[in-house]
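Heads up, the thing below is written out as structure tokens.
Derivation of every value follows stated rules applied to the coordinates shown; laboratory data play no part. Keep in mind that what you see is a predicted model, and the values were worked out from it rather than measured. Note that we place each Cβ from the backbone using ideal geometry, even for glycine, and neighbour counts take in every protein chain shown.
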Amino acid sequence: MSGRSFGLADAEAFRSTARVFVDQAGRMEPGIAGGPSFGLMKEAAAGRAFADARGQHEAVCAFLDCLKRAAGQGATPETFTFVAKCAEYDRYLDEKVVEFRANPRGDWSAAAVKSEDNAVIAKVVDEIAAHLRSFSEPAQAYQSLVDYTQARIKALMPPEIAGMRQEANISLIFPFLEKALPVAGDVAEFGCFRGILSVKLAWMLKALGANKHYYTFDTFHGFEIDDPAGGALGIGAFRDDAFDAFGFLTKWSRILPLTPVKGDATKTCAQLQGPLSFVWLDLDMGVLMDPVLRTIWSKCGPDTIIGIDDVGRPETPTVAPWLDGLIASGAVELVFDSDRIAPNTFIRFVKKKGDLLPV
Ligand SMILES: C[S@@+](CC[C@H](N)C(=O)[O-])C[C@H]1O[C@@H](n2cnc3c(N)ncnc32)[C@H](O)[C@@H]1O
């Protein structure tokens, strides 16, 4: 076994990697921005030269330490791609460590790298650094979510299912469903239309090994009322008898943890028994969302993620005022506003903060 240092000999390349890392990590919460490794990365990003071999070795170890810590972090919408990449690179390096019988990574900074082929390990570190430099573009939060969701779908879903078209923007919904996986409780979608989103998300739950059931509600014959504020939707809108969404979902329920519930959701939602970890409200009218949320309120905890579609969309004029009222009353707090990263996407995620005001 040899015991030499490794990788990132080009000081300027290392400094630019450090800048990317510090810049990306600064957007993470609670962040990796503490500790000696990150401090060293910040110094490198600010231009400090690591002249001798020992200094360079320490800097590279700090980079690898930050990589490992970033890989274990929770991501914000702006950093999904970055965190996912860090995890990928981290695994890749671990594989090489096993393959070339290196000493444990935790010992590298103190005792240098000892492996059967340090040149290979050095090459891997350089490769990782070069890939991270490709993140030097300004963060595109929306594109990051789209890329992340597409990558997860590609990895976990057959193309026949992935290719089906749903109305809702799955790239903005799936990452938040995934964030709700550690929260105890099932998933409920209100207003599923043809049920394509339901099948895709229930598929993902199963593929990810989540111990959750997906309940999906609809009249399955479109709206039963007109929009009270004169919005675009009225009786019969979103009716598609030819498709038979209830039959379609019933078939899928044989292999997926999925149950379609037919009828007026303001009443059928009372059938939900257990706690909920994730709720998706896509009923297009405040008068429909409000009674549903009131009925399921006791099933939601402070960590339940509640998504609302069509907030501020001109065709659905009652949704935004309803949600604004909930936020102003202190019942819920806003955790994500999709329009801030992609205008006219109209999605909000909220969490329970206080109690609902009486009707
Ligand atoms: C905007 S669509 C949902 C689109 C769907 N999430 C998707 O991605 O394809 C609204 C749905 O709400 C349903 N809906 C309207 N009033 C309802 C009610 N009282 N109870 C249950 N569903 C209702 C309609 O039938 C329609 O399918």
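Data overview
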quantity: Amide hydrogen neighbours beyond the local backbone of THR259, cut-off 5 Å, H modeled; calculated: TYR214, TYR215, THR216
quantity: Whole-Hz couplings from phi, Karplus 6.51/-1.76/1.60, listed for the range 96-106; x for Gly and Pro; calculated: 5, 4, 5, 4, 9, 6, 7, 5, x, 4, x
quantity: Dipole of the chain [Lys/Arg +1, Asp/Glu -1 at C-beta], most positive-end residue of THR345, VAL332, LEU276; calculated: LEU276
quantity: Vicinal HN-Hα couplings computed from phi for the range 207-217 (Karplus, 6.51 cos²θ - 1.76 cosθ + 1.60; Hz; Gly/Pro x); calculated: 4, 8, x, 6, 8, 9, 10, 10, 9, 10, 10
quantity: Relative contact order, percent, the range 11-139 [alpha-carbon distance under 8 Å, six or more residues apart]; calculated: 26 percent
quantity: Of all DSSP beta bridges in the chain, antiparallel share, percent nearest 5; calculated: 30 percent
quantity: Peptide ranges 121-132, 93-104, 254-265 listed from the most packed, as the mean C-beta count within 10 angstrom indicates; calculated: 121-132, 254-265, 93-104
quantity: Inter-label distance for GLU88 and ALA162, nm, one decimal - labels placed 7 Å from Cα along Cα-to-Cβ; calculated: 1.3 nm
quantity: Förster radius 35 Å - calculated FRET efficiency between ASP147 and GLU116, Cβ distance, rounded to 0.05; calculated: 0.45
quantity: Entries in LYS251/LYS351; LYS251/LYS353; LYS212/LYS352; LYS200/LYS299; LYS68/LYS179 that, when Cα-Cα distance is taken, lie over 28 Å; calculated: LYS251/LYS351; LYS251/LYS353
quantity: Within the chain, helix-based [θ] at 222 nm, where runs of 4 or more DSSP H residues each add -39,500 (n - 2.57), nearest 500; calculated: -14000 deg cm²/dmol
quantity: Long-range HN-HN contacts of THR304 with modeled amide H, under 5 Å; calculated: LYS352
quantity: Percent RCO, i.e. relative contact order, over the chain, from Cα pairs under 8 Å lying at least 6 residues apart; calculated: 12 percent
quantity: Fraction of antiparallel bridges per DSSP, the range 158-352 only, in percent to nearest 5; calculated: 30 percent
quantity: Listed peptides 187-200, 207-220 by packing density, highest first (mean Cβ within 10 Å); calculated: 187-200, 207-220
quantity: Relative packing of peptides 114-120, 160-166, 309-315 - highest average C-beta neighbours within 10 Å first; calculated: 309-315, 114-120, 160-166
quantity: Label-point separation in nm, ARG294 to ALA51, each point 7 Å along Cα→Cβ; calculated: 7.4 nm
